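J.: Got a structure for you, questions after.
What follows is calculated from the coordinates using simple rules that are stated; it is not laboratory data. Please read these numbers as outputs of a predicted model, since none were measured by experiment. Note that each Cβ is placed from the backbone with ideal geometry, even for glycine, and that neighbours are counted across all protein chains shown.
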Amino acid sequence: MSSRPAPSGAPIRFVDGIPMYAAGEAPADLLTSDQLREQRLRPARGQRPAAYVTAHPDAAGAIRFTALYDPAAAERMRALSPGQQRAMAARRTCPRCGTVGTELIRRDVGVCADCAEAVRRRRVEERRRACTGCGRPATRPYPAGHRRCTVCALYYALWEQGEAGRAEEWARTCPGLGDGHPCGTVTATVAEVAARLREYGGWEPTPCARCAAELDRRAEASDRAWEESHLDPAGHRRREVAGVQAWAREVLADPRAVVLDTETTGKDRDSRIVEFTALTTGGDILLDTLVDPGVPIPARATAVHGIRDQDVAGAPALPDLLPRLSRILRSSTRIVAYNAPFDRQRLRYEAHLHHQARATGGHHAPEYGIHPAAAAFVAGRWQCAMRAYSTWFGEPHRDGDGYRWQPLGGGHRALGDCRAVLDRLHRMLGDPPSHDPLDGYW
């Protein structure tokens, strides 16, 4: 046995007598099976792991761990045959430049690191030469802050004028019942809205008396339903499942419904969008693009979705996409997202920064509220697929109140997450899982 250095930390637990260490605290001379393979070694027959080391939790929150082996007890792998050596040499040869490297070519990249960097730089240059509105390439890169062709620049200016009028109408009228369809009753004057904006920097429209009474009635009905769920949990559960199944059928049958997702720089209130995708319920792509957030992407965010600063270099900023996003949101009958409040808040925040900067000459004013144009921008009929799917799945929350949120499993990329939402909607048409959904009610 080799002499082992003392670990930098004590084991956090033992699994079948084998110590488990936190990440970075295991003995330095123990290797994973992949590290053994790099040295042409493999665990011997019957060799047990010498230790385990924890890894990051998976999408479901479960703690993963990796086995570590003592290389002194491992056995050497047999030598490669001539055919295997030729195959390995071919996997180290770049098909683009013919260079034979010391490491294998990544299958998802297909070329060596130098060629991949050259391709990335060419794509960045192509992005900088493309109009952010129509994508038409120009003969030379656009100047900073102006990446629109003449036609799109004119359209953008007209869109800005229309947004101002829609924002004023939104701020003065009743927002309705929260379904994205305002009732149109005027509840404030232009002077009241302007005074509020000067004082607080934001404005929330006031519901009219009729809509306020209806909202109170719905709140009372929700309270009664909560009480009935404890008196007749089985019947309440059947009604819940039938309700979300009917909702899923309505969404999938709606040709104007939109499924969208965003990837961001984090979960904070000032996080920025780095990727946006919108699909129809039939799976057709309405918009799928990386977004330059204008700020560095933190490493913890890159660890989740894999998007780096160099990936968004040359990508359009979100203000350049606002006219296209506006057409998508306003032409839809409903907007479906997994954790819809988060995506709605991110889009509203991006629009708020844009309109607030225009109103203050490029300087962000203190955010005591949301700019009316930003609030009107996301005033559609938003619906949360995560809430509906978790209700259908029926796994009780650990505190016995409501249901546990279910992970999406779309890979944390906007397009993959949108397609995963569509998969969840189709799955909700069937029966929920066989586990007892009433566990935790009492």
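J.: Can you give the extra length, in nm with one decimal, that the chain gains between VAL304 and TRP405 once fully stretched, where that is 0.36 nm per residue apart less the Cα-Cα distance?
T.: Answer, rounded to one decimal: 34.5 nm.
J.: Could I have the simple spin-label model distance between ALA28 and LEU287, label points 7 Å from Cα toward Cβ, reported in nm to one decimal?
T.: A separation of 5.1 nm, rounded to one decimal place.
J.: Which order do VAL100, VAL274, VAL291 fall in if you start with the one that has the fewest other Cβ atoms within 10 Å?
T.: VAL100, VAL291, VAL274
J.: Among THR264, THR189, THR289, which comes first, then next, by fewest other beta-carbon atoms within 10 Å?
T.: Fewest-to-most Cβ neighbours within 10 Å comes out as THR189, THR289, THR264.
J.: Neighbour counts of other C-beta atoms within 10 Å: give me THR102, THR333 arranged from fewest to most.
T.: So the ranking, lowest neighbour count to highest, is THR102, THR333.
J.: Provide Rg and Dmax in Å for the range 221-318, with only Cα atoms included in the calculation.
T.: Rg and Dmax of the range 221-318, Cα atoms, are 20.0, 59 Å.
J.: Also, quick follow-up: Which whole-angstrom value gives the distance between the alpha carbon centres of the range 312-348 and the range 203-236?
T.: 30
J.: Additional query: Wrap a convex hull around the Cα atoms of the range 82-129, take a quarter of its surface area, and give that in square nanometres.
T.: 3.5
J.: Still on this structure, I have one more. Modelled label-to-label distance, MET77 and ALA221, 7 Å Cα→beta-carbon offset: nm?
T.: Here the modelled spin labels are 6.5 nm apart.
J.: Something else: Could you tell me whether the range 221-427 comes out rounded, prolate or oblate from its Cα gyration tensor? Rule is a ≥ b ≥ c as square roots of the eigenvalues, rounded for a/c under 1.5, then prolate if a/b exceeds b/c, otherwise oblate.
T.: prolate
J.: Can you tell me which of 116-126, 245-255, 213-223 comes out highest on packing, and rank the rest after it, using the mean Cβ neighbours within 10 Å?
T.: The densest-packed peptide leads the list: 245-255, 116-126, 213-223.
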